[in-house]
Amino acid sequence: MDKEKKYCIEAVDGACKLLKELSNTGPLALKDLTVRLGFTKNKTFRLLETMITQGFIKRQGGLFALGQTAEMLHINAVNRLKAIRNTANSKLQELGEPQWTIK
């Protein structure tokens with residue numbers, strides 16, 4: 001058995017796939033998520049409901065979208081990258097090198 005599969009928790013794997021899908025597509029209906037992920041409607045719904053309680057998913061009318069918790073993870077990651085860029089630019093400036101920019 002492959003090590004990655006051996007330690008895989010199915011529900012966590014499904015939740016991660018769901019987050020990735022909504023991140024790539026934007027808000028989707030339950031039916032569309034079910035088809036895109038290849039999950040049963042029941043599994044998709046239970047994952048969504050669980051993730052809503054944790055703030056990772058929110059309802060937008062009849063659609064499901066990334067929630068405040070997922071958005072905060074994104075903001076925190078961007079802020080860490082900015083801090084790294086600022087530290088790097090400070091060191092580059094000391095060396096007289098061009099600064100790092102993010103496009």
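Please treat every number below as a calculation from the coordinates, not as lab data. Remember, it's a predicted structure, so these values are computed and weren't measured experimentally. Heads up, the Cβs are rebuilt from the backbone with ideal geometry, glycines too, and the neighbour counts pull from every protein chain shown.
Under a Cβ-only charge scheme (Lys and Arg +1, Asp and Glu -1), can you give me the dipole magnitude of the stretch 3-55 about the Cα centre, in debye to the nearest 20? The partial results should precede the final answer.
On the way: 10 positive and 6 negative charges, 37 e Å.
My answer is approximately 180 debye.
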Next on the checklist: Just to be sure I understand: with springs between alpha-carbon atoms less than 10 Å apart, which residue in 37, 81, 48 has the highest mean-square fluctuation in the Gaussian network model of the chain?
Outcome noted: 81
Checklist entry - Percent relative contact order of the chain, based on C-alpha pairs within less than 8 angstrom and at least six residues apart? => result 19
Next on the checklist: Of the candidates 60, 93, 68, which one comes out as most mobile in a Gaussian network treatment of the chain with C-alpha springs shorter than 10 Å?
Outcome noted: 93
Next on the checklist: Report the Rg/Rh value for the chain, based on alpha-carbon coordinates and the Kirkwood definition of Rh.
Outcome noted: 1.18
